[in-house]
Amino acid sequence: MKITSDLQKLISPGSIAVIGATSKKDRVGHIIFENLMRSELPLFPVHPREKEVSGYATYHEIESLPDNIDLAIIAIGAQRAVEAAERCARHGIPQIIVVAGGFSEAGTKGKLFEDRLRTIPKMFGSRILGPNTLGLFIPHNNLDTIFVEHGDRALSGGGGVAFISQSGSVGVEALGLASNTGYGMRAFIGLGNKCDLDELDFLQYFGMDHKTTCLAFYLESFDHGRMFLEQARKIAAKKPVVVLKAGRSKAGASAVSSHTGRLAGSDQVVTGAFRQFGIQRVYDDEELCDASKTLAALPPSFGNRIAILTPAGGYGVMGADHIETQKGGVKLAMATLSPITQERIRLFSLPFASCRNPVDLTASADNKMIGDTLDALLDDDNVDIIICTAFFAPPSITDGIVDEISSRAVGSKKPVIVFTQYGPFTDGYLRRFHENGVIGFPSIGRSVRAAKFLVERAIILKALG
């Protein structure tokens, strides 16, 4: 029976010790310490020889640290890290992060080190994240232990997604790319080898956390599969749970074993279990980020009828193709606009505009036409979701289109998803929409897929009662 813990002192510590903090700028201990200085928390560097690190007086041994340390981050090699973790636990530090690799993923000797780490929580009660982990990043309090380049500045505004990843590289690379166009992150957790804390612990913690609006997982193996599923069903009734389960193929399953030292389960069993327990499954890192970004910010859609608003007819055609040719899973449909809606659009559009769905206002559209048409679509009971194309190339569309759309989309009971492209300026405009509270994507296909996530979420809520 797995015993879970209160992770408050891990997610929001009052004080932090860094074992292996150093003034040598190329060392992991230095990078982590410098990152943590932004948190303005009390920091306690531990190094046996150095007198100070970045202006902080060092402690030469763990036993000389104050008694009220909440979190220890151990940034030294594997064998010494095990010894340090034992000493931290004896000192009464309740939460420990071991960032070093060289454990079970490295062979027999490393597995012996990891087995010693596993005994620490049982003997002393301290909890361990890792080893072989990047640790965590909590934007709202600038708690950041990630020692490789990541989208920390772009993600610093915070948000509602708790992103829990068994692979550090998948997590930071996927989030770094997602942050280019805006991503609302509550927390990033790198599970590493899961010698103690695992996906179940963080499912339960963030499932109860009022700041979290969606949980996103990248997993290669499950330590407590049945318990995870049962807890996920309870949480999915309140907030979305999205999982990318890697190791679907024979080669992928073999790679999981070499990457983590663990076995991947049957993919068919995983698919059926996820469906039964209300988990939304995705199949790559882009889809994981898109799904969690969308589900964290937009309401579920209990209807599948989509309207497309565009000043470029070709994208309307492609959007309709995506909607009508969806294969497997949730079915989407093009909405049939009411005669009243079509007449409203005709009143403030040009004579050659198409007032049916997809609504093509043509390249002669201006900001007001887009806004007025969006109003009409929002009022139409035959429309459940709107994909609104915001192009900046038409001569009468200006930067003001961001506010024109945002003022209507934010707070709407109907989800509004923006699709925009503008060459090298695309990411910048998508970030502006994000900062205004609007979810957007740089392709019509990803925009339609986002709509599918919202319909799928509503189906799950119905099934869970």
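Summary of computed values
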read-out: For I439, residues with placed amide H under 5 Å, excluding near neighbours; value: V418
read-out: Proximal aspartates and glutamates relative to K51, as straight alpha-carbon distance under 14 Å, when same-chain residues fewer than 8 apart are discounted; value: E61
read-out: Sorted by Cβ density within 10 Å, fewest first, the residues L155, L41, L350; value: L350, L41, L155
read-out: Förster radius 30 Å - calculated FRET efficiency between K331 and M208, Cβ distance, rounded to 0.05; value: 0.35
read-out: Spin-label model distance (nm) - K111 vs E435, 7 Å beyond Cα toward Cβ; value: 5.2 nm
read-out: The range 299-464, Rg to Rh (Cα coordinates; Rh as Kirkwood inverse mean 1/r); value: 0.94
read-out: Sequence-separation-based contact order of the range 133-297, relative, with Cα cut under 8 Å and 6+ spacing, percent; value: 22 percent
read-out: Charged-residue dipole, Cβ positions (Lys, Arg, Asp, Glu), the chain about Cα centre, Debye nearest 20; value: 1100 debye
read-out: At R0 = 51 Å, FRET efficiency that the Cβ-Cβ distance of K24 and V269 yields, to 0.05; value: 0.60
read-out: Cα gyration tensor shape of the range 1-132, rounded if a/c is under 1.5, else prolate or oblate by comparing a/b with b/c; value: oblate
read-out: V18 long-range amide H proximity, modeled H, under 5 Å; value: F44, V46, I73
read-out: Simple spin-label estimate for M227 and E63 in nanometres, 7 Å along Cα-Cβ; value: 3.5 nm
read-out: Net charge contributed by nearby residues that have their C-beta within less than 12 Å of G92 (K/R +1, D/E -1); value: 0
read-out: Extension gain (nm, one decimal) between F352 and D6, 0.36 nm per residue minus Cα-Cα; value: 118.3 nm
read-out: CD proxy at 222 nm, helix term only [per DSSP H run n ≥ 4: -39500 (n - 2.57); per residue of the chain; nearest 500]; value: -12500 deg cm²/dmol
read-out: The chain: proportion of alpha-carbon pairs further apart than 31 angstrom, %; value: 47 percent
read-out: Degrees separating the helix 367-379 axis from the principal Cα axis of the chain, which is the longest one; value: 90 degrees
read-out: All lysines inside 27 Å of K122 as judged from Cα atoms, apart from same-chain residues fewer than 8 positions distant; value: K2, K9, K109, K111, K194
read-out: Under 12 Å from the Cα of K25 - aspartates and glutamates, other chains or at least 8 residues apart; value: E34
read-out: Three-way shape label, the range 39-198, alpha-carbon gyration tensor, a/c 1.5; value: oblate
read-out: Cα centroid of the range 358-406 to Cα centroid of the range 444-463, whole Å; value: 22 Å
read-out: Using alpha-carbon coordinates, inclination of helix 78-90 to the longest axis of the chain, degrees; value: 80 degrees
read-out: Where labels lie 7 Å past Cα in the beta-carbon direction, separation of S364 and N141 in nm; value: 5.9 nm
read-out: Sorted by Cβ density within 10 Å, fewest first, the residues D403, D384; value: D403, D384
read-out: Segment S54-R153, length gained on full extension (0.36 nm per residue, minus Cα span); value: 33.5 nm
read-out: Cα gyration tensor, the range 22-71 - rounded (a/c under 1.5), prolate or oblate; value: oblate
read-out: Order of R127, R118 - criterion: other Cβ atoms within 10 Å of each residue's Cβ, fewest first; value: R118, R127
read-out: Dipole axis of the chain (+1 Lys, Arg; -1 Asp, Glu on Cβ), positive-most option in Q8, G184, I460; value: I460
read-out: Cut-off 13 Å between beta-carbons: net charge of the residues surrounding Y422, Lys and Arg +1, Asp and Glu -1; value: 0
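No lab work stands behind these numbers, since they all come straight from the coordinates. In this text the structure is predicted, and so the values were computed from the model without any measurement. All Cβ positions, even for glycine, are placed from backbone atoms using ideal geometry, and neighbour counts span all protein chains on display.
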